[in-house]
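These notes concern the structure reproduced below.
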Amino acid sequence: MRSILLCVFALLLAACGATAHPASLPPPCVPCPPSATPNATAAPEARSPLLDDLAHRRVALARKRVKELKFLYDRGQCSNTELLAAYREVAFAARDSGLRGDEALRALEVYRDAAVSMRDRARAGYPGQVSDADVDRAEAALLEAEYWLQESAAQPR
């Protein structure tokens, strides 16, 4: 029994000793050269004129839908939720289409202002006509608008 344990121990030492050589370890990691790191202040990549045109047309179409729904809302034929969704569509189109600078900020500010207005209307609603879910939905839209606005303002122009 003792000889079997000695043999197992000898085999174990031989196996561990063969892999513990420093030459078999990978070399330590070195920092990348400065030219390989991305430039944080680089300007955004230029887009094709077709993409810019599509982005502007998408935002314009979403704005047109807001005007149409606002007309219906003023006549009582559209709900707060539908109108707020249309404003969100404009902000989302501006944000998703990659618009930058003042144009993107204007679209996001309009969405924020609409969310504030809808929240105030929901809070002032008559009991039984406006649910807590309506107020929560308006609050969530306002937080989303504020987040998108701050995010867009922090981006380089």
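No lab work stands behind these numbers, since they all come straight from the coordinates. Since the model is a prediction, treat every value here as computed from it, not as a measurement. Methodologically, a virtual Cβ is constructed for each residue, glycine included, from the backbone with ideal geometry; neighbour enumeration extends over all protein chains shown.
Annotation note: Cβ proximity below 7 Å between a residue of region 70-90 that is without any contact (Cβ under 8 Å) to a residue 24 or more places away in the chain and a residue that is hydrophobic (A, V, I, L, M, F, W, C) and not in a loop (DSSP other than H, G, I, E, B) (sequence gap 6+ or interchain) occurs for K70/L83; Y73/L83; C78/L69; C78/L72; E82/L69. For the residues V90, V116, the requirement of being surrounded by 21 or more Cβ atoms within 10 Å (Cβ to Cβ), assigned to a helix (DSSP H, G or I) and not hydroxyl-bearing (S, T, Y) singles out V90.
Of L83, L99, L108, which residue is aliphatic (A, V, I, L, M), within 14 Å of Y147 (Cα to Cα) and crowded, with 16+ Cβ neighbours inside 10 Å? L108 is the lone residue from the list that is aliphatic (A, V, I, L, M), within 14 Å of Y147 (Cα to Cα) and crowded, with 16+ Cβ neighbours inside 10 Å.
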